[in-house]
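Undergrad: First the structure, which I've put down as structure tokens, then a few questions once you've had a look.
The values are calculated or read from the model by the stated rules, or taken from the named source; none is laboratory data. Note that the structure is a prediction, hence the values are computed from the model and not measured. Here the Cβ positions follow ideal geometry from the backbone for every residue, glycine too, while neighbour counts run over all protein chains shown.
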Amino acid sequence: MATRVIIVRHGQSNYNVQKLIQGRNNESVLTEKGRQDAQKVGNSLSPLSIDVMYCSPLQRAQATAEIIHSYLHSRPSLSSINQLMEIDLPLWEKQSKLEVAKRFKTEYQFWKERPHEFKMLLSTSEGEKEHFPVLSLYQQAKKFWHEIIPQHREKTLLIVAHNGINRCLIMSAIGVSPEYYHSIQQSNCCINILNFSGNFGESVQLESLNQTFHLENPIPSTRCEKNNLRLLLVRHGETEWNRESRFQGVRDIPLNKNGKKQAQKTANFLKGVSLNFAVSSPMLRPKETAEIILQYHEGVKLELKPQLQEICHGLWEGKLESEIEIDFPGLLNKWKESPETVQMPEGENLQQVWDRATICWNQIVEDYSNTTEGKTVIVVAHDAINKVILCHLLGLKPRDFWNIKQGNGSVSIIDYPQGIKGTSILQAINLTSHLGSGILDKTVTGAL
């Protein structure tokens, strides 16, 4: 049984509205919208059995936590802890982002482009001292995990904190480098879910990132330029072999009845999104999912990309795990623990899938980046393909393959403010609430 950790960002504050940098300044307070959104979070979490809550001692986070706590039926203990404090930016606090970008032009650009190397020179009684805000926060997050996770093994924890520390909690848990600090989005009152298999340092799965379905904007909005490129990465709906946990790989298994329902719910979820282009794996299950989604987007043609087809499991295909263990003893366990080392018998290895999927993804981004207007592209593929792409965007490696979850019918959202030459921003990963399961991904798990 895993230790489930639910991470929430505080509600909208008056500093958020004024676009002021908050940091560890404790003058910032929740707006009325921030309080209302906290109530929505509490309502969405109320059915869950939560064992313990931790929050930042800063009042915007503490107020959010107290509102959420009042909705929880399980009435967990609530403690504030300094290790959940926001990033420390003492030279910039209480100033507007525009003002900081203008007054500290070189430093601000460095902060945006190389956050892991960004430093501030602070005056102390002993002279000037170098302060590395992101690196310090990342170490703070790691210390929190080291101390807290062993105390609550196989329990459900709820954390209410801030934009920066939430990013570092998520990144440090799944092995993402601090240099990707600006690549992960955290909306006010969003929900993230991590599943720890053991202590910090052991396998951790990111079940979802930046859920906002419980708020007014079910799809996180972008604050990027009008020529922003947005890609919606969708996993196909359920098949009968998914339900049976039978390895399908490149076997062309169609959607089952539930899979078609999931595709329709995803179509309804994306109905109000203006899609410009659509790309899919040519296999039946993603192609049918894409076609169901596109019924509401007249004139959008579906382009099929063979490079996006699922990993070839070779001789594993059509088999259950028990059958694979008999025929290939020990190899399945190796696939689960060290996926990057496994060569599928008469099939592919993960590096081969990684190479073709990421090359295809980058080509899609490049093809649709050459525009002066914003565009939205939907890409429908498979479990392994989607995981590989998301790992790649987070700077992870094939060994980290299992750190990302992709449910049937899930939606992940990636923005490219400057196109292929700029960095990507992961606005959301593995959204499944539109399928009617609440904040948890309750789609089938098992074979790919």
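Undergrad: Can you tell me which residues in the range 341-381 are within 13 Å of L231 (Cα to Cα), small (G, A, S) and within 22 Å of the chain's Cα centre (by Cα)?
TA: Filtering the range 341-381 down to residues within 13 Å of L231 (Cα to Cα) leaves 361-369, 374-381.
Going one step further and asking which of them are small (G, A, S), we end up with 369, 374, 381.
Residue satisfying the conditions is A381 alone.
Undergrad: Looking for something modelled with pLDDT of 95 or more, in contact with a strand residue (DSSP E or B) (Cβ under 8 Å, 6 or more places away or on another chain) and among the basic types (K, R) - is there at least one such residue anywhere in the range 9-22?
TA: yes
Undergrad: Oh, and also: Which pairs turn up if I take residues in the range 291-313 that are more than 17 Å from L255 (Cβ to Cβ) and look for partners that are among the β-branched types (V, I, T) and in a loop (DSSP other than H, G, I, E, B) with beta carbon separation below 9 Å, at least 6 apart in sequence or on another chain?
TA: Filtered contacts from the range 291-313: H297/V273; I311/V250; C312/V250; H313/V250.
Undergrad: Considering only the range 174-225, how many residues are modelled with pLDDT of 95 or more, small (G, A, S) and within 27 Å of N43 (Cα to Cα)?
TA: Residues flagged as modelled with pLDDT of 95 or more, small (G, A, S) and within 27 Å of N43 (Cα to Cα) within the range 174-225 amount to 2.
Undergrad: Which of the residues that make up the range 2-22 are within 23 Å of the chain's Cα centre (by Cα) and either under 21 Å from S172 (Cα atoms) or assigned to a helix (DSSP H, G or I) (or both)?
TA: Those that are within 23 Å of the chain's Cα centre (by Cα) and either under 21 Å from S172 (Cα atoms) or assigned to a helix (DSSP H, G or I) (or both): A2, T3, R4, V5, I6, I7, V8, R9, H10, N16.
Undergrad: Same structure again: If A290 satisfies every condition in (1) more than 13 Å from H382 (Cβ to Cβ); (2) crowded, with 19+ Cβ neighbours inside 10 Å but one, which is the exception?
TA: (1)
Undergrad: Then there's this: Six or more apart or on different chains, Cβ under 6 Å: which pairs go from a residue in the range 333-356 that's in a helix (DSSP H, G or I) to one that's of a type in the set (K, R)? Could you list them?
TA: That search, which allows pairs on different chains as well, returns E340/R399.
Undergrad: Return a yes/no flag: does the range 56-70 have any residue that is more than 22 Å from R167 (Cβ to Cβ) and part of a strand (DSSP E or B). Quick ask: steps written out before the conclusion?
TA: First, pick out the residues of the range 56-70 that are more than 22 Å from R167 (Cβ to Cβ): 66-67, 69-70.
Those still in the list that are part of a strand (DSSP E or B) too: none.
Within the range 56-70 (the criterion being more than 22 Å from R167 (Cβ to Cβ) and part of a strand (DSSP E or B)), the answer is no, since none of the residues qualifies.
Residue-by-condition table, conditions (1) buried (at least 23 other Cβ atoms within 10 Å of the Cβ); (2) assigned to a loop (DSSP other than H, G, I, E, B); (3) touching a helix residue (DSSP H, G or I) at 6+ places or on another chain (Cβ under 7 Å):
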site: H214; (1), (2), (3): no, yes, yes
site: I219; (1), (2), (3): no, yes, no
site: N227; (1), (2), (3): no, yes, no
site: Q307; (1), (2), (3): no, no, yes
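Undergrad: Still on this structure, please answer the following. Please specify each residue of the range 397-438 satisfying the condition of being over 13 Å from the mean Cα position of the chain (by Cα) and in a loop (DSSP other than H, G, I, E, B). Outline the logic, then answer.
TA: The first filter runs over the range 397-438 and keeps only residues over 13 Å from the mean Cα position of the chain (by Cα), leaving 397-402, 408-409, 416-423, 433-438.
The answer is K397, N408, G409, P417, Q418, G422, T423, G436, S437, G438.
Undergrad: Moving to a separate point now. Considering the range 399-419 alone, what residues qualify as being in contact with a Gly (Cβ under 8 Å, 6 or more places away or on another chain) and within 21 Å of L350 (Cα to Cα)?
TA: Narrowing the range 399-419 to residues in contact with a Gly (Cβ under 8 Å, 6 or more places away or on another chain): 400, 403, 408-409, 416.
If the condition is that a residue be in contact with a Gly (Cβ under 8 Å, 6 or more places away or on another chain) and within 21 Å of L350 (Cα to Cα), then D400, N403, N408 are the ones that fit.
Undergrad: Please enumerate the residues belonging to the range 427-448 that are surrounded by fewer than 23 Cβ atoms within 10 Å (Cβ to Cβ), touching a strand residue (DSSP E or B) at 6+ places or on another chain (Cβ under 8 Å) and either at pLDDT below 95 or more than 15 Å from G237 (Cβ to Cβ) (or both).
TA: Within the range 427-448, S433, I439, L440 qualify.
Undergrad: Can you tell me which of K334, K265, K301, K271 is surrounded by fewer than 15 Cβ atoms within 10 Å (Cβ to Cβ), within 26 Å of G436 (Cα to Cα) and at pLDDT 95 or above? Walk me through it before giving the result.
TA: Values: K334 fails: within 26 Å of G436 (Cα to Cα); K265 fails: surrounded by fewer than 15 Cβ atoms within 10 Å (Cβ to Cβ); K301 fails: within 26 Å of G436 (Cα to Cα).
Just one listed residue meets the conditions, K271.
Undergrad: When you scan the range 21-67, how many residues do you find that are out of contact with any Asp or Glu (no Cβ under 8 Å at 6 or more places or on another chain), surrounded by 16 or more Cβ atoms within 10 Å (Cβ to Cβ), hydroxyl-bearing (S, T, Y) and touching a residue at least 60 places away in the same chain (Cβ under 8 Å)?
TA: Adding up the residues that qualify gives 3.
Undergrad: To continue, here is another question. Could you look through the range 180-212, keep only residues that are part of a loop (DSSP other than H, G, I, E, B) and of a type in the set (S, T, N, Q), and pick out the one that is nearest to L30 (Cα to Cα)?
TA: Filtering the range 180-212 for residues part of a loop (DSSP other than H, G, I, E, B) gives 185-190, 197-199, 201, 203, 212.
In the following step, the residues that additionally are of a type in the set (S, T, N, Q) were identified as 185-188, 197, 199, 203, 212.
Working: Q185: 20, Q186: 16, S187: 14, N188: 11, S197: 35, N199: 34, S203: 36, T212: 18 Å.
It comes out as N188.
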